[in-house]
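Asker: Please read through the structure below; I'll follow up with questions.
The values are calculated or read from the model by the stated rules, or taken from the named source; none is laboratory data. Fair warning: this is a prediction, and the values are worked out from it, not measured in the lab. Positions of Cβ are backbone-derived with ideal geometry, glycine not excepted, and every protein chain shown enters the neighbour counts.
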Amino acid sequence: MTANKRVLAASAAIAVAAGFTPAAEAQTARGALNQVSGAESNFARDRNISVRQRPHEGYEALGLRLGTFMAYPKVSVTAEHNDNIYGVATNETDDLIWRVQPEISLNSGWSRHALQARARASINRYQDNGSEDTDDYTVGASGRLDVSRATQIAAGADWSRMTEPRTSSSTPQASTAPIQYDLASANVGLSHEFNRLRVSGRYDIREYDYEDGRTAAGTPIEQDDRDRKVHAVTARADYAVSPATALFVEVSRNWREYDLTPPAVALTRDSEGTQALVGANFELGALVRGEVGVGYITQEYDDPRFDELEGLGARAQVEWFPTQLTTVSLTGSRTVEDSGIPGSSGYLSTNVGAQVDHELMRNIILTGQASYGQDEYEGVDRDDDRLNLGVSGTYLLNRYAGLTVAYSYFDQSSGGADGGNDFKVNKLGATLTLQF
């Protein structure tokens with residue numbers, strides 16, 4: 001999505017409900033790679049536009065012109081009440097959190113090719129629990145080279161200083177401060193279209209560097225054993241059976257390399273994995289569009305004490321447009337993730353979600369969302385179930401300011417002999433967003 005289409009409604013709601021992650025930027029880069037110039041393409045899926053993407057006349061940011069580029073500065077200020085900031089089962093601690101998020105994006109305005117740079121910070125301050133204060137940052141750039149109408153090269157890179165949520169199963173509860181880590185990522189990909197056939201390839205690398213935690217007594221809680229590099233290579237072929245439907249085959253191979261090996265740590269956590277998916281990418285008139293794929297995933301570990309993780313793999317993202325003013329988004333995935341729990345190599349993570357965005361008026365956007373996730377751990381007797389519900393409303397005052405109010409509910413239950421905490425978290429917040 002180009003910056004001039006990033007309506008304030010979308011950005012403000014995201015600031016409260018979801019936050020910014022490099023994964024979102026990776027999706028943006030992937031979308032740029034899969035773009036095909038020309039409305040006659042068999043792979044164009046642009047007959048409708050979602051509520052979040054739709055321009056709202058009179059409420060869009062003007063931006064600042066810098067030669068052939070446009071700059072879009074923005075800052076959001078959030079006040080959020082959290083009734084269980086440590087994500088514990090009993091003796092919950094509540095607090096009021098103040099969050100300031102300045103950001104800027106710089107977008108090219110060329111007729112061919114594309115280049116974007118971005119920077120964002122999240123300054124989080126707890127009113128009564130200063131040990132939870134954090135400062136997060138992200139900087140990155142992405143671009144697309146249009147070699148021809150049928151051939152494109154896309155690349156991107158990001159660096160982030162991030163904070164692991166207290167609700168994460170991997171974060172040590174004994175740490176007096178949240179665990180922070182650096183994440184560096186880069187990608188490059190190539191796409192070429194032969195009439196009804198499109199082939200693409202992509203390489204991704206991510207590097208994680210965790211900081212140690214500390215107990216109340218000052219004892220370090222080592223996190224270096226989680227530092228790792230993840231390489232992934234993906235090959236894909238799409239065949240258009242019609243201008244509105246394409247069948248695809250996608251195969252990905254990943255290598256996860258941990259910095260520490262025995263005797264520095266007890267177990268070798270290096271692994272190699274494969275995901276193979278088949279599915280369809282489609283657009284049914286102006287009513288439904290999306291992509292659904294199913295297949296097989298496996299992750300094999302170098303240490304023989306870890307069993308292989310394997311099973312059904314899946315990825316789905318579907319948008320339904322019941323009216324021009326309502327967008328229903330459905331998502332689903334099943335992946336293998338690395339575990340931060342001692343004795344566990346990883347887990348199979350299954351996630352499904354639904355979101356409804358409704359444009360009540362041109363400057364009033366209502367959103368409701370629900371998601372469910374289940375994590376099945378290998379090496380320990382533990383299964384986690386997560387339920388997340390949320391509602392928000394955004395009122396656009398003018399093209400320079402907007403206000404969002406949001407509520408979210410998070411419920412985790414953990415079963416098994418090695419199960420974690422069962423807990424609930426309620427958040428209520430309001431965000432004022434200023435942009436130019």
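Asker: Out of all the residues in region 221-236, which are farther than 30 Å from Pro172 by Cβ, more than 20 Å from the chain's Cα centre (by Cα) and surrounded by 15 or more Cβ atoms within 10 Å (Cβ to Cβ)?
Answerer: Initial filter on region 221-236 (farther than 30 Å from Pro172 by Cβ): 233-236.
Narrowing further to those that are more than 20 Å from the chain's Cα centre (by Cα): 235-236.
If the condition is that a residue be farther than 30 Å from Pro172 by Cβ, more than 20 Å from the chain's Cα centre (by Cα) and surrounded by 15 or more Cβ atoms within 10 Å (Cβ to Cβ), then Arg236 is the only one that fits.
Asker: So, of the residues in region 176-220 that are basic (Lys, Arg) and under 29 Å from Ser131 (Cβ atoms), which turns out to be surrounded by the fewest Cβ atoms within 10 Å (Cβ to Cβ)?
Answerer: Taking region 176-220 first, the residues basic (Lys, Arg) are 196, 198, 202, 206, 214.
From what's left, under 29 Å from Ser131 (Cβ atoms): 206, 214.
Details: Arg206: 20, Arg214: 15.
My answer is Arg214.
Asker: Right, something else. Mind checking which residues of region 137-173 are farther than 23 Å from Asn107 by Cβ and in a strand (DSSP E or B)? First the steps, then the outcome.
Answerer: Of all residues in region 137-173, those farther than 23 Å from Asn107 by Cβ come to 150, 161-173.
Result: Arg161, Met162, Thr163.
Asker: Which of (1) free of Cβ contacts under 8 Å to residues at least 40 places away in the same chain; (2) within 18 Å of Arg399 (Cβ to Cβ); (3) among the hydroxyl-bearing types (Ser, Thr, Tyr) does Tyr72 not meet, given it meets every other one?
Answerer: Failed condition: (1).
Asker: Separate question: Of all residues in region 394-429, which are surrounded by 15 or more Cβ atoms within 10 Å (Cβ to Cβ), over 19 Å from Asp357 (Cβ atoms) and small (Gly, Ala, Ser)?
Answerer: Ala401, Ser413, Ser414, Gly419, Gly420
Asker: Now for a separate question. Any residue at all in region 267-281 that's among the hydroxyl-bearing types (Ser, Thr, Tyr), assigned to a strand (DSSP E or B), touching a strand residue (DSSP E or B) at 6+ places or on another chain (Cβ under 6 Å) and free of Cβ contacts under 8 Å to residues at least 60 places away in the same chain? Break it down into steps so the answer makes sense when it comes.
Answerer: The first filter runs over region 267-281 and keeps only residues among the hydroxyl-bearing types (Ser, Thr, Tyr), leaving 268, 271, 274.
Then drop every residue that is not assigned to a strand (DSSP E or B), which leaves 271, 274.
Okay, now just the ones that are also touching a strand residue (DSSP E or B) at 6+ places or on another chain (Cβ under 6 Å), so 271, 274.
Among the residues that remain, those that are also free of Cβ contacts under 8 Å to residues at least 60 places away in the same chain are: 274.
Checked region 267-281: at least one residue is among the hydroxyl-bearing types (Ser, Thr, Tyr), assigned to a strand (DSSP E or B), touching a strand residue (DSSP E or B) at 6+ places or on another chain (Cβ under 6 Å) and free of Cβ contacts under 8 Å to residues at least 60 places away in the same chain.
Asker: How many of the residues making up region 333-348 are surrounded by 18 or more Cβ atoms within 10 Å (Cβ to Cβ) and assigned to a strand (DSSP E or B)?
Answerer: Final tally of qualifying residues: 6.
Asker: I'm trying to understand the selection: among the residues of region 24-57, which are of a type in the set (Ser, Thr, Tyr) and either at pLDDT 50 or above or on the phi > 0 side of the Ramachandran plot (or both)? Before you say what the answer is, go through the steps one by one.
Answerer: Residues of region 24-57 of a type in the set (Ser, Thr, Tyr): 28, 37, 41, 50.
Matches in region 24-57: Ser41, Ser50.
Asker: Any chance region 109-125 includes a residue that's in a strand (DSSP E or B), modelled with pLDDT under 95 and more than 22 Å from the chain's Cα centre (by Cα)? Talk me through it step by step, then tell me what you get.
Answerer: Of region 109-125, the ones in a strand (DSSP E or B) are 114-125.
Restricting the remaining residues to those that are modelled with pLDDT under 95 gives none.
Within region 109-125, none of the residues are in a strand (DSSP E or B), modelled with pLDDT under 95 and more than 22 Å from the chain's Cα centre (by Cα).
Asker: Filter region 367-379 for residues that are buried (at least 18 other Cβ atoms within 10 Å of the Cβ), in contact with a Gly (Cβ under 9 Å, 6 or more places away or on another chain) and either on the phi < 0 side of the Ramachandran plot or of a type in the set (Val, Ile, Thr) (or both) and give the result.
Answerer: First, pick out the residues of region 367-379 that are buried (at least 18 other Cβ atoms within 10 Å of the Cβ): 367, 369, 375, 377-379.
Among the residues that remain, those that are also in contact with a Gly (Cβ under 9 Å, 6 or more places away or on another chain) are: 367, 369, 377-379.
Within region 367-379, Thr367, Gln369, Tyr377, Glu378 qualify.
Asker: Output the residues belonging to region 271-293 that are over 14 Å from Arg47 (Cα atoms) and loosely packed, with under 15 Cβ neighbours inside 10 Å.
Answerer: Scanning region 271-293 gives Val278, Ala280.
Asker: Going through region 117-173 one residue at a time, which ones are among the acidic types (Asp, Glu) and free of Cβ contacts under 8 Å to residues at least 12 places away in the same chain?
Answerer: Our first condition is that a residue be among the acidic types (Asp, Glu); within region 117-173, this holds for 128, 132-133, 135-136, 146, 158, 164.
Matches in region 117-173: Asp133 only.
Asker: So in region 245-270, with the set limited to residues that are surrounded by 17 or more Cβ atoms within 10 Å (Cβ to Cβ) and small (Gly, Ala, Ser), which one is nearest to Gly379 (Cα to Cα)?
Answerer: Per the stated criteria, the residue is Ser252.
Asker: Here's a follow-up. Is it the case that Ser345 is modelled with pLDDT under 95 and touching an Asp or Glu at 6+ places or on another chain (Cβ under 6 Å)?
Answerer: Considered against the rule, which asks whether it is modelled with pLDDT under 95 and touching an Asp or Glu at 6+ places or on another chain (Cβ under 6 Å), Ser345 comes out as yes.
Asker: Right, here's the next one. Spot the failing condition for Gly419; the list is (1) closer than 22 Å to Glu92 by Cβ; (2) modelled with pLDDT under 95; (3) under 18 Å from the mean Cα position of the chain (by Cα), and only one is missed.
Answerer: Tallying (1) closer than 22 Å to Glu92 by Cβ; (2) modelled with pLDDT under 95; (3) under 18 Å from the mean Cα position of the chain (by Cα), Gly419 fails exactly one: (3).
Asker: Every residue in region 82-104 that is in a strand (DSSP E or B) and among the β-branched types (Val, Ile, Thr), please.
Answerer: Going residue by residue through region 82-104, those that are in a strand (DSSP E or B) are 82, 95-104.
The answer is Ile97, Val100, Ile104.
Asker: Can you tell me which of Asp385, Asp307, Asp338, Asp303 is acidic (Asp, Glu) and modelled with pLDDT of 95 or more?
Answerer: Among Asp385, Asp307, Asp338, Asp303, only Asp385 is acidic (Asp, Glu) and modelled with pLDDT of 95 or more.
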